[in-house]
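Enquirer: Pasting a structure below so you can have a look.
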Amino acid sequence: MSISDLAYRKVLIDRTAEKATDTAATLFKTIVCETVGRNGVCRVALAGGTTPHALYQKLAAGGISEEVPWRSVEVFFGDERDVPQDNVESNYYMVQRILLDHVPVEPTKVHPMRGDAEDLPTAAMEYEQTIRKLLPACGEGFPSFDLIMLGMGGEGHTASLFPGSDALNETGKLVTAHFVPVLGRHRLTFTFPLINAARNILLLVTGDDKAAAVLGMLADNPETRQSLPAGRIAPTNGMLYVILDAPAARLTGMASS
Ligand code: 6PG
């Protein structure tokens, strides 16, 4: 299967997960610093899952943390589980504990999704309203995040957009709530119109168990690529950085740096 450069995509491969995390941390810092320098504020949506734990730890530690203008960062979440904010499964709880408790982000600039709401579709609609209020819309009318961080599951899901789900084809809503049969749970998630309106998207994927999905998600053939949710990440006016470790990239034939 061939993989070519695409105008909107840059693939960065490191030998180890630790090095891939360093690359992601450096890019995060660079994008935030440049955006704050230009606009005075940087709106970031963070990812859940386990892969970013090491990244958030790195961003929270001395060194890089001191170079990030945290007071000018506005924090959102790309997806959330149907649990309260103090539940260990909550993405907000994870990010708060690993990152936000350790950096000087203004609490009023942190916007958790209400994963424990009785009425999740209303929670999704309210989150969309918050985004529309706080983010400028770009050309096509969709608000444009400065940076969206994403991960990918072994079957190719990203945020909480799972294979076969109707949410993949959403064209109107920016945030949606839906039942995910394979999990037997509800999720709140950004949709592709919102994801693909971002200026920068950082997709961090590590580990051998993701190799087949990485190959599919990067494929030149659009049908193969788009059969995986993560292959539908294609910013219309921004840049997608795919950051991989060598085990995740092992089927691509691409060399690590
Ligand atoms: C979540 C996510 C999800 C995640 C992938 C990868 O809430 O779980 O945001 O899209 O990024 O499932 O998860 P891991 O990093 O745990 O493999």
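The values are calculated or read from the model by the stated rules, or taken from the named source; none is laboratory data. Owing to the predicted nature of the structure, the values given are computational and were not obtained by experimental measurement. Counting neighbours? That spans all protein chains shown, and the Cβs are built from the backbone with ideal geometry, glycine included. For the accessible areas, the whole protein counts, side chains as well, though only heavy atoms, and no ligand, DNA or RNA atoms are used. Shrake-Rupley method; radii C 1.70, N 1.55, O 1.52, S 1.80 Å.
Enquirer: Of the options 212, 182, 112, report the single residue whose Cα projects farthest towards the positive end of the charge dipole of the chain (beta-carbon charges: Lys, Arg +1; Asp, Glu -1).
Expert: About the Cα centre, the residue reaching furthest to the positive side is 212.
Enquirer: Now for a different question. Within region 104-248, what percent of beta bridges assigned by DSSP are antiparallel, to the nearest 5?
Expert: Working: 8 of 17 bridges.
Antiparallel: roughly 45 percent of the beta bridges in region 104-248.
Enquirer: Along each of its three principal axes, how wide is the spread of alpha-carbon positions in region 9-245, in whole angstrom units, largest first?
Expert: Extents along the principal axes: 43, 42, 38 Å.
Enquirer: Hey, another quick one. Express in nm, to one decimal, how much length is gained between residue 125 and residue 220 on full extension, taking 0.36 nm for each residue of separation and deducting their alpha carbon distance.
Expert: Length difference between fully extended and current span is 30.7 nm.
Enquirer: Non-local amide H neighbours of residue 45 (under 5 Å, H modeled in plane, Pro and chain starts lacking H): which ones?
Expert: Sorted by chain and number, the residues that satisfy this are 76, 147, 148, 149.
Enquirer: Distance between the C-alpha centers of region 9-75 and region 99-119? Whole Å please.
Expert: With region 9-75 and region 99-119 each reduced to a Cα centre, they are spaced 17 Å.
Enquirer: Here's a follow-up. Using the structure shown, list the pairs from 10/58; 133/210; 19/173; 10/173; 109/210 with a Cα-Cα distance above 31 Å, or answer none.
Expert: On the way: 10/58 22 Å; 133/210 36 Å; 19/173 36 Å; 10/173 28 Å; 109/210 33 Å.
The pairs that break the limit, which is 31 Å between Cα atoms, are 133/210; 19/173; 109/210.
Enquirer: Taking a probe of 1.4 Å, how large is the accessible area per residue of the chain, in Å²?
Expert: Accessible surface, normalised per residue, equals 43 Å².
Enquirer: Each label point is 7 Å from the Cα along the Cα-to-Cβ direction; what then is the distance between the points at residue 236 and residue 108, in nm?
Expert: In this crude label model, residue 236 to residue 108 measures out at 3.3 nm.
Enquirer: What's the local net charge at residue 109, with K and R +1, D and E -1, over the other residues with C-beta under 14 Å away?
Expert: That sum, taken over residues with Cβ under 14 Å, equals 0.
Enquirer: Over region 9-245, what is the percentage of antiparallel beta bridges among all DSSP beta bridges, to the nearest 5?
Expert: If I count the DSSP bridges inside region 9-245, around 30 percent turn out antiparallel.
Enquirer: Quick one: dipole size for region 9-245, taken about the Cα centre, charges +1 on Lys/Arg Cβ and -1 on Asp/Glu Cβ, in debye to the nearest 20.
Expert: Dipole magnitude for region 9-245 comes out near 540 debye.
Enquirer: Stretched out fully, how many nm does the piece from residue 39 to residue 173 gain, at 0.36 nm a residue minus the Cα gap?
Expert: Result for the pair: 45.6 nm of gain on full extension.
Enquirer: Rounded to the nearest percent, how much of the accessible area of region 9-245 (1.4 Å probe, protein heavy atoms only) is carbon and sulfur?
Expert: Details: 4710 of 9680 Å².
The computed percentage sits at 49.
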